[in-house]
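Step one of this worksheet: look at the structure below.
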Amino acid sequence: MSERGRSWIESAQDPEGDFPIENLPFGVVAIEDDHRIATAIGDRVVDLRGLVDLGLLDDLAPEVRTALRSETLNEFAGLGRAAASAARKAITSLLSDGDDRLR
């Protein structure tokens, strides 16, 4: 069994949980009348447009940041696996123990 990564989000450490730091799925959430791309970790949801707007994903390519600000996954998914991997790597860094930029 491989050792799980650590996140500063406590619920991500639950061995019975579906969304540890190694499993950050992309989806769309509704916030009032607005739809945003998000990811789940533990029992939380992270608004990716918010991360882009805060400048926390500035290392991603401009087209990835633009796609993450969309209301659907279409544009982001159309960028392919490399874009999704880069985004997931940047988000994982923000949610990992030792990184206090988002905390």
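The values are calculated or read from the model by the stated rules, or taken from the named source; none is laboratory data. A quick note: this is a predicted structure, and the numbers were derived from the prediction, not measured. All Cβ positions, glycine included, derive from the backbone under ideal geometry; neighbour counts span all protein chains shown. Just the protein is used for accessible areas: all its heavy atoms, side chains included, with ligands, DNA and RNA removed. Shrake-Rupley method; radii C 1.70, N 1.55, O 1.52, S 1.80 Å.
Restricting to segment 21-38, name every residue that is in contact with a Lys or Arg (Cβ under 7 Å, 6 or more places away or on another chain), outside any strand (DSSP E or B) and open to solvent by 40 Å² or more (accessible area, probe 1.4 Å).
Matches in segment 21-38: 22 only.
Among the candidates 97, 18, which residue alone is surrounded by fewer than 16 Cβ atoms within 10 Å (Cβ to Cβ) and in contact (Cβ under 8 Å) with a residue 24 or more places away in the chain?
So the residue among 97, 18 that is surrounded by fewer than 16 Cβ atoms within 10 Å (Cβ to Cβ) and in contact (Cβ under 8 Å) with a residue 24 or more places away in the chain is 97.
Residues of segment 53-103 being among the small types (Gly, Ala, Ser) and touching a helix residue (DSSP H, G or I) at 6+ places or on another chain (Cβ under 9 Å), which ones?
61, 67, 70, 77, 78, 83, 84, 86, 87, 90
Output yes when any residue across segment 5-27 is modelled with pLDDT of 95 or more, of a type in the set (Lys, Arg) and out of contact with any Gly (no Cβ under 7 Å at 6 or more places or on another chain), and no when none is.
No: segment 5-27 contains no residue that is modelled with pLDDT of 95 or more, of a type in the set (Lys, Arg) and out of contact with any Gly (no Cβ under 7 Å at 6 or more places or on another chain).
Under 9 Å by Cβ, and 6 or more places apart or on different chains, what pairs join a residue from segment 68-83 that is within 16 Å of residue 25 (Cβ to Cβ) with one that is open to solvent by less than 70 Å² (accessible area, probe 1.4 Å) and of a type in the set (S, T, N, Q)?
Note: pairs meeting the criteria are 76/70.
Return the pairs, sorted by first residue and then second, in which the second residue is of a type in the set (Phe, Trp, Tyr) and open to solvent by 40 Å² or more (accessible area, probe 1.4 Å), the first residue lies in segment 21-32 and is within 21 Å of residue 86 (Cα to Cα), the beta carbons are less than 9 Å apart, and the residues are 6+ apart or on different chains.
Every condition considered, the pairs that remain are 25/19.
For segment 47-81, name all the residues that are under 16 Å from residue 35 (Cβ atoms), part of a loop (DSSP other than H, G, I, E, B) and open to solvent by 90 Å² or more (accessible area, probe 1.4 Å).
69, 71 - these are the residues of segment 47-81 that are under 16 Å from residue 35 (Cβ atoms), part of a loop (DSSP other than H, G, I, E, B) and open to solvent by 90 Å² or more (accessible area, probe 1.4 Å).
Of the conditions (1) surrounded by fewer than 16 Cβ atoms within 10 Å (Cβ to Cβ); (2) assigned to a helix (DSSP H, G or I); (3) of a type outside the set (Val, Ile, Thr), residue 12 satisfies every one except a single condition; which number is it?
(1)
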